[in-house]
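Student: Dropping the structure in here first, questions after.
Values quoted throughout were computed directly from the atomic coordinates according to the rules given, and no laboratory measurement underlies them. Because the structure is predicted, anything quoted here is derived from the model rather than measured. Cβ placement follows ideal geometry from the backbone for every residue including glycine, while neighbour counts extend to all protein chains displayed.
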Amino acid sequence: MSGIPGFVQLGEKIARRHFDILTTIRSGLSNARLEAVNNKIKTTIKIGYGYRNLDNLISLVMLKCGGLNLTLPGRQ
């Protein structure tokens, strides 16, 4: 072992979660969708910077990430 605190902590985390890590690798799944939604939320928060009401920002995030396909009047 190196004895470097950061590496020791990383090794402990990997040891604790090794079963989950191996299961994920073997299943072929990735966290791409989760990262995409997380990026969309962060982008929406940046766009909504300055909202006075937090509920409006939460509503905008839910609208963008909710999967609704809204067609505005006069647009196709």
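Student: Could you list Arg33, Arg52 so that the one with the fewest beta carbons within 10 Å of its beta carbon is first and the one with the most is last?
Tutor: Arg52, Arg33
Student: Sticking with this structure for a sec: Can you give the charge dipole size of the chain about its Cα centre, rounded to the nearest 20 debye, using +1 on the beta carbon of Lys and Arg and -1 on the beta carbon of Asp and Glu?
Tutor: Roughly 180 debye for the chain.
Student: Among Leu34, Leu63, Leu22, determine the one that fluctuates most according to a GNM of the chain built with springs between C-alpha atoms less than 10 Å apart.
Tutor: Leu22
Student: Could you work out the helix-only [θ] at 222 nm for the chain, with each DSSP H run of four or more residues adding -39,500 (n - 2.57) and the total divided by the number of residues, to the nearest 500 deg cm²/dmol?
Tutor: Computed ellipticity for the chain at 222 nm equals -22500 deg cm²/dmol.
Student: Oh, and also: State the label only: which of (i) 1.22; (ii) 1.00; (iii) 0.94 corresponds to Rg/Rh (Cα atoms, Kirkwood Rh) computed from the shown model?
Tutor: The value computed from this structure is option (i).
Student: List the aspartates and glutamates whose Cα sits under 18 Å from the Cα of Lys42, skipping any in the same chain fewer than 8 residues away.
Tutor: Partners found: Asp55.
Student: Here is a further query. So how much slack lies between Arg16 and Arg75, counting 0.36 nm per residue of separation and subtracting their Cα-Cα distance, in nm?
Tutor: 16.0 nm
Student: Same structure, new question: With each label point set 7 Å from Cα along the Cα-Cβ vector, what nm distance links Arg26 and Ser59?
Tutor: 4.8
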